[in-house]
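As structure tokens, the structure follows; a few thoughts come after it.
Coordinate-derived values only; no laboratory data. Here the structure is a predicted model, which means the values were calculated and not measured. So basically every Cβ, Gly included, is an ideal-geometry build from the backbone, and we count neighbours across all protein chains shown.
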Amino acid sequence: MLWSAAAALSVFATALLYAARPGINWPLSTLAASLGLMIFLGSARRQWRLNVVLPLALACLIASGAALTTNPAAALLIAAAALFALGSAVVAAYIDSTPADGPITWVLAAPYAAVLTASEAGRRFAEATGAFREGRGIPVIRGIAIAAPVTLLLALLLCEADPTFAAGRDFVESAFRDFSILPRGVFFSVLTVCLVGGFGIALRAPSSEPAHHSTPWTPRPLVGDTERQIVLGSVAALFAIYLVLQVSYLFGDPGGRTGSGISYADAVHRGFIELNVAASVCGVLLLALRLLAVPTPDDRRLEALEWIVTLQAAMLLVSAFYRVNLYEGAYGYTRLRLYVQVYAVVALFALILLLVELRAYPSLDRLLRRVMVVGALTLASLVCGNSDAWIAKENLLRYERTGRIDIVYLTRNLGPDAVPELVAALPRLPAAVAGRIEGCLRQWYRRYPGTADDRWFEWSLRRAALVRALEEIKAQDPTADSPTATEAGSCRNDS
């Protein structure tokens, strides 16, 4: 059953994923693998624990972004995040059956899961080989030997009566003719090994000493209360002086004042480097001091210092967010500036989760898992909410207020997910600006392949919207005149 399920699912995933554009094939394949893992967990009479179900749900949520976005960079990030989530689920299933745990297993979930699945697949292959040697596999081989030619003959006969069967026959014939069967076979084999290993881990019997009852990972104590008070007190005093003396820099608008000596670019770069990184270092410092502390009775002064430093770090993050917001108002919205703000928000949530952990002895692996969940939900929000379209919309609104716009960035650098928003705004823009945006879109997306040759599982919501938008401005019209040298140059230079 293990090998049959893995092979069937590999055939399904190979047909949907190999040499295919990202679309609904990604969430379908991820959902199938997740359901398979849960089914095998149930067949082994193992509980569906939250540390397994939650990563699988997040993997499906993240993979669904492939059916929404048409941005290649976003698709690459989605693939990496979905594989990481699936790896986390496999690692959690392995830990439930093996008394071994630690934070490193969650930080390196994807490569660790690859090693685990490869090892488990090798073990299952050795078991299958031993079964065949003992004669238990002879009926299976005999059944396959009889069924294969009979099934093939019937399929060839049905090809003459059904166009779907005929298309399948032609596809197999072309695969052998152009040798694409070789890389496709490698892809299928890798998927089969991963699925056999993952499902095999799910089939393992629960350990008599499950990980959640075993002794948690703890580092060696190195610092006492005195050292912690000195370090935290120094940081708290430094931040207090900095916040008092630099209020105008942190929450003011120095780049907007003549003679301040600070440009908007300097302000935002200083804000990100000095504030976001400093807040992140504080979080790491708080966690490290607690993990490395010698066990002692609770000290109210230390708890107060931890809260003070955490609140100061939160103020730095809020200030960084605000400073980037000022920069956006002056120079416009970009992905980098949005991601700076998103990082500040995620770091703020991480600090809140750290405070929750600091109420008692912190669990590093639990904190890492929770922060990873926040990161996964943030990524899903950016993809599902179409951050590129939001950036384009905000820049268009800013143009209405200030009369300034970076057409090159909007049409070339922002990405295809923003094109429908730009095309929808053309009627509301002045003719000169609308004409330049339309000309640049026509130039950059003139050779976009469209969706005419896409198969049903390659459908993507924003790819379909992109094609409709390009058709509206006739960017794909082969009879459209090529852009002049002046127009081409204007689309390569900043406005």
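For an R0 of 25 angstrom, estimate the FRET efficiency from the Cβ-Cβ distance between Trp456 and Ala161 and round to the nearest 0.05. The partial results should precede the final answer.
Details: r = 23 Å, r/R0 = 0.90.
Rounded to the nearest 0.05, the efficiency is 0.65.
Multiply the residue gap between Ala424 and Tyr339 by 0.36 nm, knock off their C-alpha separation, and tell me the result in nm, one decimal place. It would help to have the intermediate numbers written out before the result.
Values: separation 85, 0.36 × 85 = 30.60 nm, distance 2.50 nm.
Value of the extension gain: 28.1 nm.
Could you tell me which trypsin sites (Lys or Arg not before Pro) in the stretch 319-362 are loop residues by DSSP with no more than 15 other beta carbons within 10 angstrom of their beta carbon? Mind dumping the intermediate values first?
Details: sites: Arg323, Arg335, Arg337, Arg359; in loops: Arg359.
For trypsin sites (Lys or Arg not before Pro) across the stretch 319-362 that sit outside H, G, I, E and B with at most 15 neighbouring Cβ atoms in 10 Å, the list reads Arg359.
What FRET efficiency do you get for Ile181 and Ser234 if R0 is 51 Å and r is their Cβ-Cβ distance, rounded to the nearest 0.05?
Details: r = 66 Å, r/R0 = 1.29.
So, using R0 = 51 Å, E works out to roughly 0.20.
Summing +1 for each Lys or Arg and -1 for each Asp or Glu, what net charge is found among the other residues whose Cβ lies under 12 Å from the Cβ of Arg46? Mind showing how you got there, number by number?
Numbers: positive: Arg45, Arg49, Arg204; negative: Asp96.
Taking every other residue near Arg46 into account, the sum is +2.
Need one number: nm distance between label points at Leu153 and Ile39, each 7 Å from Cα along Cα→Cβ, rounded to one decimal.
Inter-label distance under the simple model: 3.1 nm.
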